[in-house]
1. Quick test for you: out of Ala131, Ala143, Ala154, Ala139, pick the one residue that is closer than 23 Å to Asn111 by Cα and in contact with a Phe, Trp or Tyr (Cβ under 9 Å, 6 or more places away or on another chain).
2. Considering each of Val112, Val52, Val104 in turn, give the residue that is of a type outside the set (Lys, Arg) and in contact with a Gly (Cβ under 7 Å, 6 or more places away or on another chain).
3. Surrounded by fewer than 18 Cβ atoms within 10 Å (Cβ to Cβ) and of a type outside the set (Gly, Ala, Ser): is that true of Arg46 in this structure?
4. For residues that are among the acidic types (Asp, Glu), free of Cβ contacts under 8 Å to residues at least 40 places away in the same chain and either out of contact with any helix residue (DSSP H, G or I) (no Cβ under 8 Å at 6 or more places or on another chain) or closer than 17 Å to Val44 by Cα (or both), tally how many sit in the stretch 125-155.
5. If you scan the stretch 96-126, which residues turn out to be under 17 Å from Thr12 (Cβ atoms) and among the β-branched types (Val, Ile, Thr)?
6. Can you tell me how many residues in the stretch 1-40 are hydrophobic (A, V, I, L, M, F, W, C) and at pLDDT 95 or above?
7. Mind telling me which of the residues Arg93, Arg69, Arg100 ends up being farther than 16 Å from Phe56 by Cβ and either among the charged types (D, E, K, R) or modelled with pLDDT of 95 or more (or both)?
Amino acid sequence: MEHKSNTWYGTTIVCIRKGNQVVIGGDGQVTLGTQVIKSQARKVRRLGDKSVIAGFAGATADAFALFERLEAKLEKYPSQLTRACVEMAKDWRTDKYLRRLEAVMAVADKNVSLTLTGNGDVLEPEDGIIAIGSGGGYALAAARAFSASTDYDAETIARKSLEIAADICIYTNRNIVLETLTI
């Protein structure tokens, strides 16, 4: 894949739902083309009344705009993450301004984990694991292996999966931020 020097690219976000935890974790690297611009960005945060956690992969400014939009939907539909995400996805797909935003989000609350895209997708994983971004495939494979073959809790699986992605994906680093909800 060709990376233009003026294009923001790369990250790894993972969401793990296991036992009594749901965790979203992400690395801290921001790149511009082939240069690391920042190594300690915070791509994972709590939203609304702090009962929703979210992470993004994609353009930073676009992600902040999407976080704000999702928070507004959560205010309109409190304790209804799926409904808020569906409403936001409708806006994202149809609004002329939002359609141009380049990001993917992983969001979770105590009840559901979802992936949101600019194509209008609101997807719930079958196995409780989501991984997005340039290192997402590596983190997903690692998370599935850890989940199936170990007794690790969700936080440990998220951290170890992100570390593996950081070892393989040049757009992912080991400055990991985790946000955890107890289910």
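1. Unique residue meeting the criteria: Ala131.
2. Val104
3. Spelling it out, Arg46 is indeed surrounded by fewer than 18 Cβ atoms within 10 Å (Cβ to Cβ) and of a type outside the set (Gly, Ala, Ser).
4. The first filter runs over the stretch 125-155 and keeps only residues among the acidic types (Asp, Glu), leaving 126-127, 151, 153, 155.
In the following step, the residues that additionally are free of Cβ contacts under 8 Å to residues at least 40 places away in the same chain were identified as 126-127, 151.
Of the ones still in play, those that are also either out of contact with any helix residue (DSSP H, G or I) (no Cβ under 8 Å at 6 or more places or on another chain) or closer than 17 Å to Val44 by Cα (or both) are 126, 151.
Number of matching residues: 2.
5. Scanning the stretch 96-126 gives Val104, Val107, Thr115, Thr117.
6. 7
7. Being farther than 16 Å from Phe56 by Cβ and either among the charged types (D, E, K, R) or modelled with pLDDT of 95 or more (or both) holds for just one of Arg93, Arg69, Arg100, which is Arg93.
Here is a yes/no grid of residues against (1) crowded, with 24+ Cβ neighbours inside 10 Å; (2) within 18 Å of Ala89 (Cβ to Cβ):
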residue	(1), (2)
Gln35	no, no
Lys38	no, no
Arg42	no, no
Phe56	yes, yes
Ala61	no, no
Arg69	no, yes
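The values are calculated or read from the model by the stated rules, or taken from the named source; none is laboratory data. Please read these numbers as outputs of a predicted model, since none were measured by experiment. Backbone-built Cβ (ideal geometry, glycine too); neighbour counts: all protein chains shown.
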